[in-house]
Amino acid sequence: MPSVIGAIRDKWLALGGGASFLGEPLTDELATPDGVGRFNHFQGGSIYWTPTTGAQEVGGAIRDKWAAMGWERSMLRYPLTDESPTPDGVGRFNHFEGGSIYFTPRTGAQEVGGAIRDKWAAMGWERSMLQYPLTDESPTPDGVGHFNHFEGGSIYWTPTTGAHEVGGAIRDKWAAMGWERSSLGYPISDEMDASGGGRVSNFEHGSINWTASGGAVSSPQVVHLSAQISTPDWLPVGGSVDVVVNRLGQFTFSGHMHNSGFPNVHFALAVVLMTPSGVGYGFGRDHGLDGTVTILGRNRDDDWVDTGTNTQLSDNWDQVTQARLHWRLVAFDTLSRGVQGMIEDLVKQLAQELGKAGIAAVIALL
């Protein structure tokens, strides 16, 4: 009979020796090809030993997977545990220095490692909503990241985004869009509750929101809304406004107004982003424009760019992405009366007319 000695022999005997599932040895104790450890192959599996990992048993489909990957020379390196039953009683696993292999009869033996394994572990391993892995950790088609598909979803990782879980209808939507090669890029959050109800996953360049009534809908990283501004023909003042908001709550409120008439004019412009929930986010501009009555008409145009940050925009991003832009303009011949100080009132009035809840915040009144 081949020789079995030392820590490998102790492990073999502890498992039951020749009467155990390992059966009798098929090889003498041998040095591993990498020169670090020792091993014996048995009828029912193998025992591998190193000074740092001790003697660990690995067998069946998990051993076959490890062998196919390159044994101890693979990224998994040496086993840290014997093959063991999973806590849910369905599968089997071995932990290795560089990851793990999990097996069930329905999923086969699959490798999971690194940050993806850490994420899966933090979620509860096979008892999480992800359940068991369906694939080995694999490179993404774009060459940037790695992923594992699981029974209940997927985990995607890149060096810049980290490891994040995506599942259910949101994952289906992302897959239909082209996975990481879609306009959304990689996930930057796990799936979570959305502030307006339902569920949401955030991506590098947008998000996917799910509700029971609307299903999974993608939305961008940046919201850009614009409008043309006009007044009655008898007061020839007009222009345009643009509002750009990003997921971090950073906004730009910009526009252009022009007076093409004879009188000097002062205008107050209120702009509101009204969300489906009835919460409005208001911007305003208050300025004077020269008419042709003024010698040379030096200030017939008003161009502005106001920027800032408001966390209410980021906190309610799923609602902001569905917002519509509304505006109200008040302009008078300055010989009649001025309109300074009317912006806040205009914003509130417009929001109250359009929304069920009134205005949540006056973000910029510049």
(message) Given the criterion within 30 Å of G37 (Cβ to Cβ) and either assigned to a strand (DSSP E or B) or of a type in the set (F, W, Y) (or both), identify the matching residue among A109, A115.
(response) A109
(request) Looking for whichever is crowded, with 17+ Cβ neighbours inside 10 Å, under 30 Å from R285 (Cα atoms) and not basic (K, R) here; the options are I170, I208, I229. Which one fits? (result) I229
(request) Give the stretch 236-264 a look and list any residue that's surrounded by fewer than 18 Cβ atoms within 10 Å (Cβ to Cβ) and hydrophobic (A, V, I, L, M, F, W, C), or say none. (result) V244, L248, F262
(message) Pull out all pairs, ordered by first then second residue, where Cβ-Cβ is under 8 Å, the residues are six or more apart or on different chains, the first lies in the stretch 108-119 and is closer than 22 Å to D64 by Cα and touching a residue at least 60 places away in the same chain (Cβ under 8 Å), and the second is of a type in the set (F, W, Y) and in a strand (DSSP E or B).
(response) none
(request) Looking only at the stretch 29-50, decide whether some residue is out of contact with any helix residue (DSSP H, G or I) (no Cβ under 7 Å at 6 or more places or on another chain), hydroxyl-bearing (S, T, Y) and assigned to a loop (DSSP other than H, G, I, E, B). (result) no
(message) Between a residue in the stretch 171-194 that is closer than 17 Å to T161 by Cβ and any residue that is acidic (D, E) and in a loop (DSSP other than H, G, I, E, B), which pairs come within a Cβ distance under 6 Å, given they are 6 or more apart or on different chains?
(response) E180/D142; R181/D142; G185/E204; Y186/E204; I188/E204
(message) When you check G37 against the structure, is it of a type in the set (G, A, S), in contact with a Ser or Thr (Cβ under 8 Å, 6 or more places away or on another chain) and in contact (Cβ under 8 Å) with a residue 40 or more places away in the chain, yes or no?
(response) yes
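No lab work stands behind these numbers, since they all come straight from the coordinates. Because the structure is predicted, anything quoted here is derived from the model rather than measured. Positions of Cβ are generated from backbone atoms using ideal geometry, with glycine treated the same way; all protein chains shown enter the neighbour counts.
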